[in-house]
Amino acid sequence: MRITGGERRGMKLAQPKGMAVRPTTDKVKAAIFNAIQWDVRDAEVFVDCFGGTGAMALEALSRGVEEAWIFDSAPKSIRLIRQNVAKARYEDRAHIVETPAASGLKRLAASGIQADLIFMDPPYRMTQEPVDLAQFISEKKIVKSQGILMIEHEKSVIMPLIMGHFTQIKHKVYGITAVDFYRFERPEEEREGERS
């Protein structure tokens, strides 16, 4: 498992032992970032809701995103994330929080932090959680206008086309894995308020 692009391209990352953590493969990771390359270019904040190894956040930082928030509730995963962040020398730009995704997102909402890019790859058995989290992100506006939400899941799972103010803009399939990309549109009344 390596970083596939940017200033740390080719750097090998520590991997989990066993099947408790299912890292996004290098091939899928590269494909995801290629699909959002124009959004990554101007992004300031990346959020990984289910950190695992930290690989997705490190990929974002390597490709120029200014800071990343990484949430995971498993102590083993947090240790692995810290190890990989230290190896990449991104300790000053990566915020690692040992907490479930929902609690981490509440923390961002309370702090007024808005992300440009949010990534979720929950355990495949959790088919409802990403929908609930997307609704919460939308309601609390934890993502900037035109921000991107990415959800990785088993390709047999059909995700909604619309979740809150997120609208699906891409659906990609990579083997048994699918990734849905959503763009956040602020409510019309807020946009009208800005124009008046």
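The values are calculated or read from the model by the stated rules, or taken from the named source; none is laboratory data. Note that the structure is predicted; figures quoted are calculated from it, not measured. Cβ: placed from backbone, ideal geometry, glycine included. Neighbour counts: every protein chain shown.
In table form, for the structure just shown:
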| quantity | calculated |
| --- | --- |
| Condition broken by Phe71, with the remaining ones in (1) aromatic (Phe, Trp, Tyr); (2) touching a helix residue (DSSP H, G or I) at 6+ places or on another chain (Cβ under 9 Å); (3) in contact (Cβ under 8 Å) with a residue 40 or more places away in the chain satisfied | (3) |
| Filtered residue count, region 26-41, keeping only those that are out of contact with any Phe, Trp or Tyr (no Cβ under 8 Å at 6 or more places or on another chain) and either in the same structural domain as Arg183 (by TED's automatic domain parsing) or loosely packed, with under 15 Cβ neighbours inside 10 Å (or both) | 4 |
| Some residue of region 55-65 being modelled with pLDDT under 95 and assigned to a loop (DSSP other than H, G, I, E, B) | no |
| Helices (runs of 4 or more DSSP H) wholly inside region 87-196 that include at least 3 residues being within 17 Å of Phe50 (Cα to Cα) | 101-111, 129-140 |
| Residue match in region 100-113 (condition: in contact with a helix residue (DSSP H, G or I) (Cβ under 9 Å, 6 or more places away or on another chain), surrounded by 16 or more Cβ atoms within 10 Å (Cβ to Cβ) and either charged (D, E, K, R) or within 17 Å of Glu185 (Cβ to Cβ) (or both)) | no |
| Failed item, numbered, when Val47 is tested on (1) within 18 Å of Leu13 (Cα to Cα); (2) outside any loop (DSSP other than H, G, I, E, B) | (1) |
| Pairs where the first residue, in region 86-106, is aromatic (Phe, Trp, Tyr) and the second is outside any helix (DSSP H, G or I), C-beta under 8 Å, 6+ apart | Tyr90/Ala68 |
| Candidate set: region 129-152, residues that are surrounded by fewer than 22 Cβ atoms within 10 Å (Cβ to Cβ) and touching a Pro at 6+ places or on another chain (Cβ under 7 Å); chosen: the one modelled with the highest pLDDT | Val131 |
